[in-house]
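Structure record follows, encoded as structure tokens.
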Amino acid sequence: MAEPLFDKIALIGIGLIGSSLARKIRRETLARHVAISTRSAETLARARELDLGDSYTTDAAEAARDADLVIVSVPVGSSGAVAQEIAPALKKGAILTDVGSTKASVIAQMAPHVPEGVHFIPGHPLAGTEKSGPDSGFAELFENRWCIFTPLPDTDPQALETLSAFWRRCGSNIDTMDAEHHDKTLAIVSHLPHIIAYNIVGTADDLETVTKSEVIKYSASGFRDFTRLAASDPTMWRDVCLHNKDAILEMLARFSEDLASLQRAIRWGEGDKLFDLFTRTRAVRRSIIEAGQDIDQPDFGRQAVEHPKA
Ligand SMILES: NC(=O)C1=CN([C@@H]2O[C@H](COP(=O)(O)OP(=O)(O)OC[C@H]3O[C@@H](n4cnc5c(N)ncnc54)[C@H](O)[C@@H]3O)[C@@H](O)[C@H]2O)C=CC1
Ligand SMILES: O=C(O)C(=O)Cc1ccc(O)cc1
């Protein structure tokens, strides 16, 4: 078995992402000690029952003390408060990272609190499901997934390599880019799909002419796919919307223009236009599959939750 990469890893936040990391770290012995901290005593008690770590506390600073790697896995709107709380406890040379779905805002919130000598490397694993909480995690979540880092200009290359090695051991491929580019890219490939899903399910729920029971009874697989995304955690997605506002609004404006054009094509019976668009979009799906992206991983997640492996 390979040597642990770290003596102590602190996981601040133990929901889907934090608990998936905990399970992987424990399974592969990536650290000698896993310290777990979360805000609510109830969630912490559940993490203890699931045996996700070696020590448990609601005091984030206590968990972060002496840690070589601190991973903040909380809704993006709470990342500044967490950074402020743990900052005095961070040891010199420690790596501080996060997993938040937005990056420019997380950097703006966390960076001002990071003490001299601590390596702050913002990160984002592109891996998840619609589930949340410590029960929903599974060790395989990050396998064959991308983990994006958005390093700051003064990021230490050695610390970046150490963190990359950790994520590779979690099964991920690594990419780096600047935070603004990350936020624009994720706005279109992740944030908009969730917003569209929330919207369509909300519209269906509001309809007067179709009853709620008909929506449930007759929901074809297309609508069901939207309901999966629309079941994602409300706190997490409220924060994503509020903290990637500009990029999301920019992509929504583009989306609305294209939707208006589609609406017009339907109104005027422009079959060729519809056919051309649908042909182009089918090719996008095919290239995703050809690129080997396992887009059905959420099903794998559901199976893993039914048969949890700590
Ligand atoms: N759910 C997903 O599919 C993915 C989520 N992310 C990002 O990962 C982060 C965590 O998301 P999940 O694990 O899905 O959420 P979750 O809702 O499953 O877990 C969040 C955890 O943070 C804790 N928490 C909330 N506020 C806190 C605070 N102020 N101090 C300490 N702990 C606090 C909660 O008690 C819970 O343990 C978010 O920033 C999200 O954007 C990234 C990739 C995928
Ligand atoms: O459940 C899904 O389909 C997801 O898209 C999960 C997800 C949610 C947020 C992220 O920042 C990354 C991945």
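Each row is one residue, and each column tells you yes or no for (1) at pLDDT below 95; (2) within 19 Å of the chain's Cα centre (by Cα); (3) of a type in the set (Asp, Glu); (4) farther than 24 Å from MET236 by Cα.
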position: ALA2; (1), (2), (3), (4): yes, no, no, yes
position: LYS8; (1), (2), (3), (4): no, no, no, yes
position: ILE17; (1), (2), (3), (4): no, yes, no, no
position: LYS24; (1), (2), (3), (4): no, yes, no, no
position: ALA35; (1), (2), (3), (4): no, no, no, no
position: ARG46; (1), (2), (3), (4): no, no, no, no
position: THR57; (1), (2), (3), (4): no, no, no, no
position: VAL72; (1), (2), (3), (4): no, yes, no, no
position: SER79; (1), (2), (3), (4): no, yes, no, no
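Of the residues making up the stretch 127-134, at least one is more than 20 Å from GLY292 (Cα to Cα), touching a residue at least 40 places away in the same chain (Cβ under 8 Å) and more than 13 Å from ligand 2 (Cβ to nearest atom). Considering only residues in the stretch 10-22 that are open to solvent by less than 10 Å² (accessible area, probe 1.4 Å) and farther than 20 Å from ALA61 by Cβ, the one that is nearest to ligand 2 (Cβ to nearest atom) turns out to be SER20. Looking across SER105, SER132, one residue alone is outside the structural domain of LYS245 (by TED's automatic domain parsing), modelled with pLDDT of 95 or more and closer than 22 Å to ALA41 by Cα. It is SER132.
Within the stretch 123-153, the residues that satisfy the criterion of being near ligand 1 (Cβ under 9 Å from one of its atoms) and hydrophobic (A, V, I, L, M, F, W, C) are LEU126, ALA127, LEU141. Looking at the stretch 158-168, is at least one residue modelled with pLDDT of 95 or more, out of contact with any Asp or Glu (no Cβ under 9 Å at 6 or more places or on another chain) and within 16 Å of ligand 2 (Cβ to nearest atom)? Yes: the stretch 158-168 contains one or more residues that are modelled with pLDDT of 95 or more, out of contact with any Asp or Glu (no Cβ under 9 Å at 6 or more places or on another chain) and within 16 Å of ligand 2 (Cβ to nearest atom). Looking across ARG48, ARG27, ARG23, one residue alone is of a type in the set (Lys, Arg) and under 17 Å from ALA2 (Cβ atoms). It is ARG27. Figure legend. Inter-residue proximity from the stretch 160-174: first residues among the charged types (D, E, K, R), second residues not in a helix (DSSP H, G or I), beta-carbon distance below 7 Å, spacing 6+ or different chains. Indicated pairs: ARG168/ILE174; ARG169/LEU5; ARG169/LEU30.
Count of the stretch 168-184 residues, restricted to those that are open to solvent by less than 80 Å² (accessible area, probe 1.4 Å) and over 14 Å from the mean Cα position of the chain (by Cα), is 9.
Apart from one condition, LEU192 fits all of (1) aliphatic (A, V, I, L, M); (2) within 16 Å of ligand 2 (Cβ to nearest atom); (3) free of Cβ contacts under 8 Å to residues at least 40 places away in the same chain; the exception is (3). In the stretch 139-153, the residues that are outside any helix (DSSP H, G or I) and open to solvent by less than 20 Å² (accessible area, probe 1.4 Å) form Cβ pairs under 8 Å with partners that are acidic (Asp, Glu) and modelled with pLDDT of 95 or more, at six or more places apart or across chains, as follows: CYS147/ASP175; ILE148/ASP175; PHE149/ASP175; THR150/ASP178.
The values are calculated or read from the model by the stated rules, or taken from the named source; none is laboratory data. Worth saying up front: this structure is predicted, and the values here are computed from it rather than measured. Here Cβ is always computed from backbone atoms with ideal geometry, including for glycine, and neighbour counts include all displayed protein chains. To get the accessible areas, we keep the full protein, side chains included, count just its heavy atoms, and leave off ligands, DNA and RNA. Shrake-Rupley method; radii C 1.70, N 1.55, O 1.52, S 1.80 Å.
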